[in-house]
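Participant: Quick one: the structure is below, questions incoming.
Just so it is clear, none of the values below were taken in a lab; they were calculated from the coordinates. Just so you know, these numbers come straight off a predicted model, no measurement behind them. Backbone-built Cβ (ideal geometry, glycine too); neighbour counts: all protein chains shown.
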Amino acid sequence: MNKKPVTMLRVIHIFIIIILHVTILTYSLSLSIPPAKASPSKLQREIISLYIRLVRLSEEGIDTREPVNLLSEALELLNNEDNASIIKAQKIVSKVREAVEKLEAEKPSIIISKNLSKYGTAAAIASIPVLFYLLFPRIYLELWYKTRRKWVVEK
Amino acid sequence: MNPLNEEVFAAIMALIVVGSAIGIAQVLKPETVSPFTAFGLLNEKCEIGDYPAKAFYGENLTLCLLLYNNEGSPLLAQIRYKIGTNDTLPSDIAPSRKKPIKIYEAMLSRGENITIPIQAPVTPERALIGKRAALIFELWIYNVDERNWTYTGKWVHLYLEILEEPLP
């Protein structure tokens, strides 16, 4: 009668042991296998190609300071020449690649909004003389009357 | 003075029109920059002056390099470190014929400056031990149109007396 629960318990024990083994094995393997990394020269080539794209964007008046600073950080890490730095640099480069792609996609709308703000400012400045010509006499007279409203004419 | 007097009003209007024209010109004028890069060598504290005059063969000298980008666009720069003598210094048009010992790379946004601390290994030809050598730092930039590294004609050098390495 008692045999069945005992067998069940053994099965559960074996199952738990297998799970523990698999977990420990996976963890130790993840420690021993280094993550895939690009060679420094490949990374350098990618940095150069990203730089060219950033220069083109900058020439169109797009603010590229943030991705340039990140690439500068990646280059600094590459100067260190150790594995950890190369992996870090690789992460930064892929982040910059995404940022550049985003900037390139947003380029038309950025250019339109920049032009709108530029020509809008010019139009606003151009309207000052017209507004002054139309409004100044009215405002001046209004104020002139207001400041003299309580004046009494002496007999 | 009545500002609504025809003559006074005309004078005020003239001033405002001129001011507005100058303002519009300022907003619409294309951005003009005189492109240049500045390049300098600083001591281990990243300050000007107080440079080392002697170094042991094989020693790593701590120095700083200063770069300033006013090219109007981002700049990808390479500083090629070489060791030569008075005869192998670079010129405004040609780099030194010596091979680079180390290459430092940096990227700068427009209008940005950077100070790069470096460890320059003093490893000239052994024939230069006991003599005066020049640590040469050449500035190269990546030319986007030609897709290659171009020598800028800018370099800095530091003369050092190379001493025999001390016994361990």
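Participant: Over the stretch B:36-163, one equal point on each Cα, no solvent: what is log10 I(q)/I(0) by the Debye formula at q = 0.09, 0.15, 0.22, 0.23 Å⁻¹?
Facilitator: So the normalised log intensities are -0.25, -0.68, -1.33, -1.42.
Participant: Below 12 angstrom from the Cβ of B:PRO74, what's the summed charge of the other residues (Lys, Arg +1; Asp, Glu -1)?
Facilitator: -1
Participant: Using a 7 Å offset from Cα along Cα-Cβ at B:ILE22, what residues in the stretch A:124-155 end up with backbone N under 19 Å from the label point?
Facilitator: Of the residues in the stretch A:124-155, A:124-130, A:132 have backbone N under 19 Å from the label point off B:ILE22.
Participant: Run through every distinct alpha carbon pair of the protein assembly as shown and return the Kirkwood hydrodynamic radius in angstroms, one decimal place.
Facilitator: The answer is 26.4 Å.
Participant: Here is a follow-up. Please state, rounded to one decimal and in Å, the Kirkwood hydrodynamic radius that the stretch B:61-109 gives when every pair of distinct Cα atoms enters the mean of 1/r.
Facilitator: Evaluated on the stretch B:61-109, it is 12.7 Å.
Participant: Distance in nm between label sites at A:LYS91 and A:ILE18, each 7 Å beyond Cα in the beta-carbon direction?
Facilitator: In this crude spin-label approximation the distance works out to 3.6 nm.
Participant: What is the distance in Å between the Cα centroid of the stretch A:61-93 and that of the stretch B:1-16?
Facilitator: 60 Å
Participant: Across the residues of B:69-77, average count of Cβ atoms on other protein chains within 10 Å?
Facilitator: Rounded to a whole number, the mean comes out at 5.
Participant: Now for a different question. Counting only the backbone N, which residues of the stretch B:44-77 are under 18 Å from the spot 7 Å out from the Cα of B:GLU164 toward its beta-carbon?
Facilitator: B:54-59
Participant: B:LYS102's amide H: which non-local residues (gap 5+, or another chain) put their own amide H closer than 5 Å, with H modeled 1.01 Å from N in plane and none for Pro or chain starts?
Facilitator: B:TYR81
Participant: Of all GluC sites (Glu not before Pro) in the stretch B:1-104, which ones are in loop regions per DSSP and have a Cβ with at most 11 other Cβ atoms within 10 Å?
Facilitator: Within the stretch B:1-104, the qualifying GluC sites (Glu not before Pro) (loop, at most 11 other Cβ atoms within 10 Å) are B:GLU31, B:GLU47.
Participant: Another one. Placing unit charges on C-beta atoms (Lys and Arg positive, Asp and Glu negative, everything else neutral), compute the dipole magnitude of the stretch B:36-163 about its Cα centre in debye, rounded to 20.
Facilitator: Roughly 420 debye for the stretch B:36-163.
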